[in-house]
Amino acid sequence: MKNALTRWMLGIACLALLCGCAATAHKASYSHAPVSDAEASAIDALLNPASEATDDTGKNSEPQVTSVAGVPTDPQFAVKLRALSQKKAPESKPMEMRPERMLVWKANLTIQVGKVSKAVTEATALAERHGGFVEEKSDCGEEAATSASLTLRIPVKAFKSAVDGMASLGTVTRRNVEGEDVTEKYVDLESRLKNKLVLRDRLKQLLDKATEVKDILALEKELNRVQSDIDAMAAHMKSLKGKADYATVHLNLQRKSIKGPLGYFFSGLWWGVEKLFVIRE
C-alpha cells in the first residue's frame, strides 16, 4: 500500500513538470523576434516613395514587397499606404471678407459773400477743378443778386478739400457735414435683385411652355410685375452708387449787408443795452 502511494505521487510530479516545460516552450514560440535589416528595408520602401526601384528603362517602378515581418501583404497595400502617408491635411478656406463700407456724404453751407454772382462763378469753377459738376442752380441771374443756391456733386475723394475751398469764399454762418452708411441697404437690394432675376427667367421658361390662354395671360401679368420690380431695384442701386461716388454739397450764398453810420450807431447802442442785462450766456 505504501509503495503504491509513492508511485502515484511520483507520477503526479512528473506530469506537472512536463506541463510546465510545454507552457514555457509555447510562450517562447510567440515571443517577439527583432526586426531584421531586410524587413526594415521593406518597411522603408513602403513608406518612402523616394526609395523606389528603377527598371531598365530608367523609370520608377513600384517596389515588389510581398511580406513585412513575415506577414503576407496585399499587392495594392504599398500603393494605399503610400497615398495615406502623402495625404495632406485639407487647407482651411480663407475667411469671407466683409464688403467695403458704402458712405453717402452731404454738406450744407451758408456763406455771406460780398458779391453773389462772383461767388457763384468761383464755386462752379472750384467744383469743376475737383472733378465735380453743378447739379442744380438757382439765382436771379443779375449782377446785383442778393442770394443764390447751388447743389454741387463732388467726387468723394476730393470732398473735404472742396468743402474747405468753398468755405473760403466768404463768411460761413452755417456749416453741416454728415455721412450715411448705406452698405446694408445696397447689399439687401443686390440680393433681392438676384432673386428677382431668377424668378423672371423661370417665368419666361413657363411662358414658353404654356398653351392655355388663361395661363399665358397670368404669366405675362406676373412677368411684367417682376420686371417692374427689377427696374426699380436696379435704379435704386444705381442711385446709391452714384451718391456714394459723388458727395452732395448744398451751397447757399447770401450777399453781406453793409451798414451805414446810423446802422453802426444803433447796432452798438443795442449791444450796450443787451450787455446791461446779460454779459455772457
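The values are calculated or read from the model by the stated rules, or taken from the named source; none is laboratory data. Small disclaimer: the values here were computed from a predicted structure and weren't measured. Note that each Cβ is placed from the backbone with ideal geometry, even for glycine, and that neighbours are counted across all protein chains shown.
Data for the structure
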| read-out | value |
| --- | --- |
| Failed criterion for Ile258 (all others in (1) under 30 Å from Ala148 (Cβ atoms); (2) hydrophobic (A, V, I, L, M, F, W, C); (3) under 46 Å from the mean Cα position of the chain (by Cα) hold) | (3) |
| Single residue of Arg174, Arg255 found to be of a type in the set (Lys, Arg), crowded, with 16+ Cβ neighbours inside 10 Å and within 30 Å of Thr121 (Cβ to Cβ) | Arg255 |
| Residue among Arg98, Arg82 that is at pLDDT below 80 and either outside any loop (DSSP other than H, G, I, E, B) or surrounded by 13 or more Cβ atoms within 10 Å (Cβ to Cβ) (or both) | Arg82 |
| Candidate set: the stretch 228-252, residues that are acidic (Asp, Glu) and more than 22 Å from Glu128 (Cα to Cα); chosen: the one surrounded by the fewest Cβ atoms within 10 Å (Cβ to Cβ) | Asp231 |
| Matching residues in the stretch 122-138 - criterion: being in contact (Cβ under 8 Å) with a residue 40 or more places away in the chain and charged (D, E, K, R) | Glu122, Glu135 |
